[in-house]
Amino acid sequence: MALSFQTVIGLEIHVQLATKSKLFCSCSTDYIGARPNSNVCPVCLGMPGSLPVVNGRAVELAAMVGLALGSKVQQATRFHRKNYFYADLSKGYQISQFDLPICAGGLLVFDDDEGKEVRVAITRAHLEEDAGKLVHPSVDGRLAGALHSLVDYNRGGVPLLEIVSEPDITCPPHARRYTEEIRRLVRYLGVSDGDMESGSLRVDANISQKVSDGRWGSRVEIKNMNSLRSLERALEYEVKRQRKVLAEGGEIHQETRHWDDGEGKTRSMRSKEEAHDYRYFPDPDLPPLIVTADRIEALRSLMPELPWQAERRLVDAYGLGADDAKVLAESAAAVAYLDGCVQAGAEAKRAANWVRTEVLRVLNERKISIEAFPLKPESLASILALVDRGKLSTTAAKDVFDVMVRDGSGLDTAMAAAGVVSGRVEGSRLEEIVEKVLAENADAAEAVRSGKDPKDKKIKFLQGLVMRETRGQADVAQVASLIARKLS
Amino acid sequence: MAVTEDEVKHVARLARLEVGDDEVVALAGHFNLILTHFERLQEVDTSGVVDVVDAVDVTPWRNDEVASWDGRERALAQAPDRDEDYFRVPQILEEA
Amino acid sequence: MKLYARSAADLARSIRSKEHSVAEVVEAHLSRMERMEPILSAIITPLKEEARARASALDIALSRDENPGPLTGVPFIVKDNFCTRGVRTTCASRMLEGWVPPYDATVVRYLEEAGAVLIGKANMDEFAMGSSTEHSAFFTTGNPWDPRRVPGGSSGGSAAACAAGYAPLAFGSDTGGSIRQPAAFCGVYGFKPTYGMVSRYGVVPFASSLDQIGPFSRTLEDLLLAMEVIARPDERDATCSRALRPDFRKALDVTDLRGKRVGLVKEFEGYDIDGAVIESLRSAREILIDAGASVVDVTLPTVGHGLACYYIIAPAEASSNLARFDGVRYGFSAEADSLIELYHKTRQGGFGPEVKRRLLMGTYVLSSGYYDAYYNKALKVVAILRGEFDRAFSEVDFILAPTTPTLPFRKGENIGDPIRMYMSDLFTLPANMAGLPALSLNGGYSEGLPVGIQLIGPRFGEMEIFSAAAVIEKSLGLPRLAGGVL
């Protein structure tokens, strides 16, 4: 009888919280590109006698994620020490949370790629400090083969929120979707930049197989997946590997495996001489962390609309397509921008289309956030109003938009600069343009005049040129009859 | 609950302390002596004591403000093995 | 009176009135230190040139009538686990033999801001683990009343230096009695404040939940003056109280204890206590009764388990606190071919045997399978003990107890018997377990050796203790300067 398998996945997502200073000291968290060991102090260097003091903002950001996930934000929590030795750890322990995490429980609901609803329960989310960074100056930059490693503690002490899911995820694409959804949430809330490549969002997966003959494969932890794509690939690989071993009657051992993106394989990490025994105990340097009910309520009242709520609203209230709504609801600022356009009188679907294509295009080109976008929603709405009233063609409107973005100018100035006149091009002005086009394209004109344009290709070409000259502001039928008259 | 020499060695590994074979014997003896004193704790009835977070002492919250420290150079200067801006460690055979 | 025999308050007054310069005062103490040090070996790092430079800077400031702090020109000594910017801080360990911290402990900063002059860093048991200062990696310190005997520990160097007149004020840290026991052995005041009264920032910890920083002095006035300087909030220590502290020196005026109730702990009666200690306790009790206090028996049924709890909790925290000594960022670092070897060799070579013993014990009680049986159990027993103290303090205002069961013992007498050494903390460590303020004061002398007695108060009940101490000092007189017998 053929065996069947069931995949069981749980994810641990570490999110770097977007605070200015570290979790337990006042050093800057801005470590990317910083000179090594420049954002350090006695506390994050683990110097004898130094003591930690909690960054209140990190606590608030953690609580916001908890509120968004429907977790219980616990009023009384505490920090524990997780004891182990490693070169990137300056104190010989990491300050983390253990029995009383700041957020307990929760649920994340999202649609999979086929639009089917997936529900993943959240076990907990807890605060902890990040470790420093190691540089391995070997030939290939990897640990193996390096005679020495270099330690930079700039990242040490940066606040992390570790979000732990229940093992509710049943396939690699769902793991990817779950991670996308967490990433969208933390970005939307402004809690983290959620960037996987730079490591501000890191995913570890626990994956196992349940076999139809009653066997359970042990849980394997997968690390080093630096993108959504590698997460999905690593898990797909691991599903196949584990199923093959189990199908052949083998056993899966509990272990940690490293994903090698280049090789497209997971690899067993060197087995340790002993299992970790972290000897957790309450950190005596930090009295209990109390988040009062008042504080939690104040945070709740400040909570913005959540991305999935915004997505639904864009569909329901604005009549947007699911795809548009999903793209826009990636960012709270994009949604706010769209809302601004609509409030200023723009038609929602058209505005959404513009935000999604034109605005996001400029943001990508300039690598800026929407907060830094030079055009106010009201200005975009005023362009769109002209389009609605037939006073501006879409093409002309885009020219005006580009000028306004480029120069930061007002609508009238931008229209003049773009050579765009509001309203129809007709009458003598249109006639001038037609004559100019015919003169500049005498061959085509002659062919039409002498009846050598059986498929109307040439006359269409001439019409197109005229329309372009008028930036689409002329009536096509009028242009056609005018050309026909001139060439008859 | 007697402590074996193997347990002493295990604990020494956890604490990253090297103990010689002669030390292990003495340490196991010392452990057992002290542990017999600890055993008396089991006489105390702690069933009613809940390990609750005591809200009397509350950890203060620091404002999220950056302050830079002027001691980095003096800190690096004390490194037993320094490579320019980095602390240097010998090769890491064991993974984290 | 010789300058080195005078009190801090007295010196500060004569400096303020320009009767003496800071340079004179500092020089007198440095030469006293120089003369006594060959006998006592109390100091790891003397700071003669630094002290002289600071003295002349202070004299210049004084000549410009700049506002001097309450301790301007007063020499002081700190235990060598207090971080001092630019001055090596060894914790009496090979591990930190050459370490120069780039920052000051908060307490050192507060003292220097008050105008005090640091003249030396005192010997101690390595990383404050010990009760005799014999566990210093460098040398042992003599008791100034009899150099063949120990000064107590772990702050033995500070206590001996204060007693012998190196400085009117010295400072130490107390985890299970490390200020009070050496104060008793050296015949000076030694005070462990309420947990959270004084900032721990920059003092290399032994056991963070038990450590408190406190002063040694030869007069109660000096002790309270020092407390007014160091007992202040500190935003760098999350365990340091943000509340206002009382004006401690107001206690000096107390002569009358009518209405006050003194507690005597029933359970302590059964302990093996030296006759001289019992005698001193009896006379202190009489003094308190004469001042109008009434004596009440209190009971602490769990106090007998304090020692076991202490020797579980303190090493457990220490095993984590001392994990940072790994040879990577500072301190001793062994030659090694791999990271794991670096850890093992550094920690093997850097820590002495008593420290290693405690680190192993601490690691053991936290390790999986034993956490509940030992560490967690100890925490719960401590919670019970705290409740018992709370009940006791609903009946009494303070407790009178021995500081140590014995008089200063001879060097080498207990070194081979850790358990017996641990027993000398029997009466002091309950205050650490419960976070209570406790003062050791001199209760007289027996065959040329000082006898210490202890006053324990409720949390933040410092004024109760100081009031009683004021009454006792007025009756017994000031403790003697120890140099006289040498």
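The values are calculated or read from the model by the stated rules, or taken from the named source; none is laboratory data. Treat the numbers as computed from the prediction; the structure is a model and nothing was measured. Note that each Cβ is placed from the backbone with ideal geometry, even for glycine, and that neighbours are counted across all protein chains shown. Note: areas computed on protein heavy atoms with side chains; ligands, DNA, RNA excluded. Shrake-Rupley method; radii C 1.70, N 1.55, O 1.52, S 1.80 Å.
Listed values, structure above:
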| item | result |
| --- | --- |
| For chain C, calculated [θ]222 nm from helices alone, where every DSSP H run of n ≥ 4 adds -39500 (n - 2.57) | -11500 deg cm²/dmol |
| Mean Cβ count within 10 Å, highest first, over the residues of peptides C:201-209, C:164-172 | C:164-172, C:201-209 |
| Counting DSSP beta bridges with both ends in chain C, the antiparallel % (nearest 5) | 65 percent |
| Radius, Kirkwood style, for the range C:217-286 when every pair of distinct Cα atoms is counted (Å) | 15.8 Å |
| Cα lying deepest toward the dipole's positive end in the protein assembly as shown, options C:Ile43, C:Ala159, A:Pro307, charges on Cβ | A:Pro307 |
| Projected label distance in nm at A:Ala442 and C:Ile278, using a 7 Å step from Cα toward the beta-carbon | 13.5 nm |
| Modelled FRET efficiency - R0 30 Å, A:Asp193 with B:Glu73, Cβ distances, 0.05 increments | 0.45 |
| Positive dipole terminus of the protein assembly as shown, leading residue within A:Val15, C:Met129, C:Ala470 (C-beta point charges) | A:Val15 |
| Cα shape, the protein assembly as shown, gyration tensor, a/c 1.5 rule | prolate |
| C:Arg420/C:Ala53 FRET efficiency (R0 51 Å; Cβ-Cβ; nearest 0.05) | 0.65 |
| Charge tally in the Cβ shell below 15 Å around C:Thr404, where Lys, Arg are +1 and Asp, Glu are -1, C:Thr404 excluded | -1 |
| Simple Cβ-charge dipole of the range C:304-379, Lys/Arg +1 and Asp/Glu -1, about Cα centre, in debye nearest 20 | 180 debye |
| Helix-derived mean residue ellipticity, 222 nm - over chain A, DSSP H n ≥ 4, -39500 (n - 2.57), to 500 | -11500 deg cm²/dmol |
| Mean separation of Cα contacts under 8 Å, 6 or more apart, over the residue count of chain C: relative contact order % | 18 percent |
| Ranked packing of C:418-426, C:53-61, most packed first, by mean Cβ within 10 Å | C:418-426, C:53-61 |
| Loop trypsin sites (Lys or Arg not before Pro), the range C:246-275 (other Cβ atoms within 10 Å of the site Cβ: 14 or fewer; DSSP) | C:Arg258 |
| Longest site-free stretch - chain A; sites: trypsin sites (Lys or Arg not before Pro), DSSP loop, at most 13 other Cβ within 10 Å | A:143-269 |
| Computed [θ] at 222 nm, deg cm²/dmol, chain B (DSSP H ≥ 4; -39,500 (n - 2.57); rounded to nearest 500) | -11000 deg cm²/dmol |
| Helix A:476-487 axis, angle to chain A major axis (alpha carbon atoms, nearest 10°) | 40 degrees |
| Label-reachable residues, the range A:35-62, where backbone N falls under 16 Å from a point 7 Å from B:Asp57's Cα toward its Cβ | A:51-54 |
| Cβ neighbours within 10 Å from other chains - mean over C:373-382 | 5 |
| Per-pair calculated FRET efficiency, R0 = 30 Å: A:Arg350 and A:Val476 via Cβ, rounded to 0.05 | 0.90 |
| Dipole of the protein assembly as shown [Lys/Arg +1, Asp/Glu -1 at C-beta], most positive-end residue of A:Ala336, C:Val26, A:Ser230 | A:Ala336 |
| Rounded to whole Hz, the Karplus (6.51, -1.76, 1.60) HN-Hα couplings of the range C:377-387, x for glycine and proline | 4, 4, 4, 5, 5, 4, 4, 5, 4, 4, x |
| Too-long pairs where the Cα-Cα distance tops 21 Å, listed order kept, from A:Lys133/A:Lys223; C:Lys18/C:Lys79; A:Lys326/A:Lys349; A:Lys22/A:Lys133; B:Lys9/C:Lys356; A:Lys22/C:Lys356 | C:Lys18/C:Lys79; A:Lys22/C:Lys356 |
| Folded to 0 to 90 degrees: helix A:394-407 orientation relative to chain A principal axis, Cα | 60 degrees |
| Per-residue mean of C-beta atoms belonging to partner chains within 10 Å, peptide C:238-244 | 4 |
| Net charge, C:Ala55 excluded, C-beta distance under 9 Å - Lys, Arg +1, Asp, Glu -1 | -1 |
| Rg/Rg_ref, chain A, where Rg_ref = 2.2 N^0.38 Å and atoms are Cα | 1.30 |
| Volume of the Cα convex hull of the range A:427-486, divided per residue and given in Å³ | 69 Å³ |
| Rounded, prolate or oblate (a/c below 1.5 giving rounded, otherwise prolate when a/b exceeds b/c) for the range C:1-150 by Cα gyration tensor | oblate |
| C:Ile39-C:Arg258 pseudo-label distance in nm [points 7 Å out on the Cα-to-Cβ vector] | 4.7 nm |
| Dipole magnitude (debye, nearest 20) for the protein assembly as shown, charges at Cβ of Lys, Arg, Asp, Glu | 1540 debye |
| Per-residue average of Cβ from other chains inside 10 Å of A:289-295 | 2 |
| Pairs from A:Lys72/A:Lys367; A:Lys72/A:Lys210; C:Lys2/C:Lys474 whose Cα-Cα separation, in the structure shown, is over 27 Å | A:Lys72/A:Lys367; A:Lys72/A:Lys210 |
| Inter-label distance, nm, simple model (7 Å from Cα along the C-beta direction), A:Met269/C:Ala61 | 5.2 nm |
| In degrees, nearest ten, helix A:172-188 long axis to first principal axis of chain A (Cα) | 80 degrees |
| Within the accessible area of the protein assembly as shown (1.4 Å probe), percent carbon and sulfur | 50 percent |
| The range C:420-475: GluC sites (Glu not before Pro) in DSSP loop, at most 15 other beta carbons within 10 Å | C:Glu447 |
| Net charge over other residues, Cβ less than 12 angstrom from the Cβ of A:Pro172 (K, R count +1; D, E count -1) | 0 |
| Whole-number Å³ per residue for the convex hull built on Cα positions in the range A:1-134 | 195 Å³ |
| The range A:11-293: C-alpha gyration tensor shape, a/c 1.5 cut-off, then a/b vs b/c | oblate |
| Difference of contour (0.36 nm per residue) and Cα-Cα distance, A:Val315 to A:Gln6 | 107.7 nm |
